[in-house]
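Following: one structure in structure tokens, then a few remarks.
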Amino acid sequence: MFCSVLTANNSQASSDYLGYVGNEISIYYSGDDCLEETSSSAKVRIGGEEVDIENWWQCSGRIDIVITANVNHSGTIKVYRHDSVIEEAGYFELIKDPRIYSVNPKYIVPGETLIEVSGNYFGEDFYDDTLYVTGENQEKVEIERVVEWSDDSIKFYAPSNMGAGNVYVRKYANYNYTEFDESDYYYIKPQG
């Protein structure tokens, strides 16, 4: 998947970038020399981790890179030029898929129970089409009554048509949705 630059253009180095592992992004550096992509010393690193170079646009200050799996955190992008000079080309923010660790309580009364989902990488804000539960007929039901949403906790009221099943969370970032993460199974509290 190709991911574009957030705030850079060909004349602007030292910018911020955003993406996932596997994304291809174009970065820009301020060098006006013509670098040889094939040079063994020409490389790009994010937070100290080397990434794959897809294209090195000689004399233009642009490099297309692929965010490799070894990049497991956000960090400064550094361009190593053929003369071993290091130049910072901006900051890359790695977007991670959400992870659900727990759903409480495990027994839920539809239409009444306040549910808390704990985990990581939920993002700072709630967006439509990001939070679902299993419905009465085992379909996904979108949650509308969100009380609180932070990067590590979500609180919402169980909808009246909620069935036993799972909570599904995904994040919206950089105009894309992550994959859904699925919780452990929860149960509907018997009436009476």
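Would you point out the residue of segment 117-151, among those that are among the hydroxyl-bearing types (Ser, Thr, Tyr) and assigned to a strand (DSSP E or B), that is surrounded by the fewest Cβ atoms within 10 Å (Cβ to Cβ)? Quick ask: steps written out before the conclusion?
Taking segment 117-151 and keeping what is among the hydroxyl-bearing types (Ser, Thr, Tyr), we get 118, 121, 127, 130, 132, 134, 150.
Imposing the further condition that a residue be assigned to a strand (DSSP E or B) reduces the set to 118, 132, 134.
Details: 118: 16, 132: 19, 134: 21.
Only one residue tops the list, namely 118.
Could you look through segment 37-52, keep only residues that are modelled with pLDDT of 90 or more and small (Gly, Ala, Ser), and pick out the one that is surrounded by the most Cβ atoms within 10 Å (Cβ to Cβ)?
Just the residues of segment 37-52 that are modelled with pLDDT of 90 or more, to begin with: 44-52.
Right, trim to small (Gly, Ala, Ser) and you get 47-48.
Numbers: 47: 17, 48: 11.
Among them, the one singled out is 47.
If residue 134 meets every condition in (1) within 21 Å of residue 189 (Cα to Cα); (2) of a type in the set (Ser, Thr, Tyr); (3) touching a Lys or Arg at 6+ places or on another chain (Cβ under 6 Å); (4) at pLDDT below 90 apart from one, which number is that one?
Exception for residue 134: condition (3).
Criterion first (in contact (Cβ under 8 Å) with a residue 40 or more places away in the chain, under 30 Å from residue 185 (Cα atoms) and either in the same structural domain as residue 184 (by TED's automatic domain parsing) or not hydroxyl-bearing (Ser, Thr, Tyr) (or both)) does residue 79 satisfy it?
no
Residue by residue through segment 81-116, note down the ones that are closer than 21 Å to residue 47 by Cα and either in contact with a Phe, Trp or Tyr (Cβ under 7 Å, 6 or more places away or on another chain) or part of a strand (DSSP E or B) (or both). Break it down stepwise before answering.
Looking only at segment 81-116, we keep the residues that are closer than 21 Å to residue 47 by Cα, and these are 81-97.
Hits for segment 81-116 are 86, 87, 88, 89, 90, 91, 92, 93, 94, 95, 96, 97.
The values are calculated or read from the model by the stated rules, or taken from the named source; none is laboratory data. Not measured: the values here are computed from a predicted model. We place every Cβ from the backbone using ideal geometry, glycine too, and count neighbours over all the protein chains shown.
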